[in-house]
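Report on the structure given below.
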Amino acid sequence: MRMSRERIFYLADLIMKELGSAGTVHVKAPDDLRPELIRVLTEESKLEESVDSEVRKTLSSYSRPMPEGSREWEVLYDKTREEVYRKRFRL
């Protein structure tokens, strides 16, 4: 499921706040960092949605349908998701 804009902005603000309070990281240009955080979070959300879509398509192609949310479906979803990540990112 794709994250809403509000959720992405909220997470970017939390990350900015955490970086500022950590004391170990000095942010020279916070005005430049926030848009970059938003961009990265948006791309990750799109990637996750793409992987989820591919996994669901694969699971729906099985000859024996499984009810979504069942234990068997959850196990196959996780296994297929790992395979998709490995295939895409050569892990």
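Tabulated results
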item	result
Selection from segment 1-14 of residues that are closer than 16 Å to GLU43 by Cα and among the aliphatic types (A, V, I, L, M)	MET1, MET3, ILE8, LEU11, ALA12
Search result, residues across segment 63-91 that are among the aromatic types (Phe, Trp, Tyr) and touching a residue at least 12 places away in the same chain (Cβ under 8 Å)	TRP73, TYR77, TYR85
Residue that is farthest from ARG81 (Cα to Cα) [pool: residues in segment 1-60 that are in a loop (DSSP other than H, G, I, E, B) and in contact (Cβ under 8 Å) with a residue 40 or more places away in the chain]	MET3
Scan of segment 61-74 for residues that are within 24 Å of MET3 (Cα to Cα) and either part of a helix (DSSP H, G or I) or touching a Pro at 6+ places or on another chain (Cβ under 6 Å) (or both), ordered by number	TRP73, GLU74
Among residues of segment 51-91, those that are among the aliphatic types (A, V, I, L, M) and loosely packed, with under 13 Cβ neighbours inside 10 Å, counted	2
Condition met for LEU59 (more than 30 Å from ASP13 (Cα to Cα), modelled with pLDDT under 95 and aliphatic (A, V, I, L, M))	yes
Residue in segment 6-18 that is surrounded by 15 or more Cβ atoms within 10 Å (Cβ to Cβ) and over 20 Å from the mean Cα position of the chain (by Cα) present	no
Hits in segment 75-91 - residues which are part of a helix (DSSP H, G or I) and of a type outside the set (Val, Ile, Thr)	LEU76, TYR77, ASP78, LYS79, ARG81, GLU82, GLU83, TYR85, ARG86, LYS87, ARG88, PHE89
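The values are calculated or read from the model by the stated rules, or taken from the named source; none is laboratory data. Note that the structure is a prediction, hence the values are computed from the model and not measured. A quick note on method: Cβ atoms are made from the backbone with ideal geometry, for glycine too, and the neighbour counts reach across all protein chains shown.
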